[in-house]
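Working notes for the structure below.
Each reported figure results from applying straightforward, stated rules to the coordinates on display, with no laboratory input. As the structure is a prediction and not an experimental result, all values here were calculated from the model. Cβ placement follows ideal geometry from the backbone for every residue including glycine, while neighbour counts extend to all protein chains displayed.
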Amino acid sequence: MSTDEGKSDMSLLATTTLAALLVANPGASDADRIAASGGFLLGNAHRCGIEESRVVRDGGIIHDLIVAAAADSNEADDATQRYATFFVVSAYPDQSKEKVLASCKVIDAQLRALEQHKVPEAQAQAQAQAQAEPKAATIGGGERTSFRTTDGD
């Protein structure tokens with residue numbers, strides 16, 4: 001195997017398998033699952049020749065979902081990197097090898113379903129800020145205690 005072949009992108013089949021494992025992994029965060037699925041979907045949309053403006057707009061939806069699902073900015077950054085990786089591997093599959101490619105008809109249908117999901121920008125930003133900065137609350141009229149909705153999970 002040449003060095004170039006060793007450095008080539010993962011095949012779509014390997015990417016699909018990795019995405020499925022990530023999505024099914026109970027240790028993976030919601031942001032990671034959204035990133036893997038979104039990168040795979042939008043990368044294939046690009047590969048299928050779906051309008052660039054539509055892919056870019058839907059990329060914004062995916063980003064908002066990642067931010068809303070992430071526990072903090074570090075998790076959001078990691079998931080965004082994972083999204084980019086899945087996008088590139090799906091959008092530009094290695095042409096030198098025989099691959100199983102996702103059906104463009106199925107990709108278009110899934111993209112339409114995504115487009116029906118609206119995440120208002122203000123809502124995503126407010127949730128991201130709330131997760132990044134825990135608020136103090138008075139419990140039982142006593143001392144102010146900092147807590148997050150994820151505490152105790």
(request) Determine ³J(HN,Hα), in whole Hz, for all residues of the stretch 86-95 in sequence, where each value follows from phi through the Karplus function 6.51 cos²θ - 1.76 cosθ + 1.60 and θ = phi - 60°; x replaces Gly and Pro. (result) 5, 4, 4, 5, 7, 6, 10, x, 5, 6
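Does the stretch 26-75 come out rounded, prolate or oblate, given a ≥ b ≥ c as the square roots of the eigenvalues of its C-alpha gyration tensor, rounded meaning a/c under 1.5 and, failing that, prolate meaning a/b above b/c? If you can, show how the numbers build up before the last one.
Numbers: a/c = 4.04, a/b = 1.91, b/c = 2.12.
Since a/c reaches 1.5 but b/c is at least a/b, the shape of the stretch 26-75 is classed as oblate.
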(message) Placing one identical point scatterer on every Cα of the stretch 33-121 and ignoring solvent, what is log10 I(q)/I(0) from the Debye formula at q = 0.10, 0.15, 0.22, 0.25 Å⁻¹?
(response) -0.24, -0.54, -1.05, -1.27
(request) Kindly state, to the nearest 0.05, the FRET efficiency for residue 72 paired with residue 117, given R0 = 35 Å and r defined as their beta-carbon distance. (result) 0.95
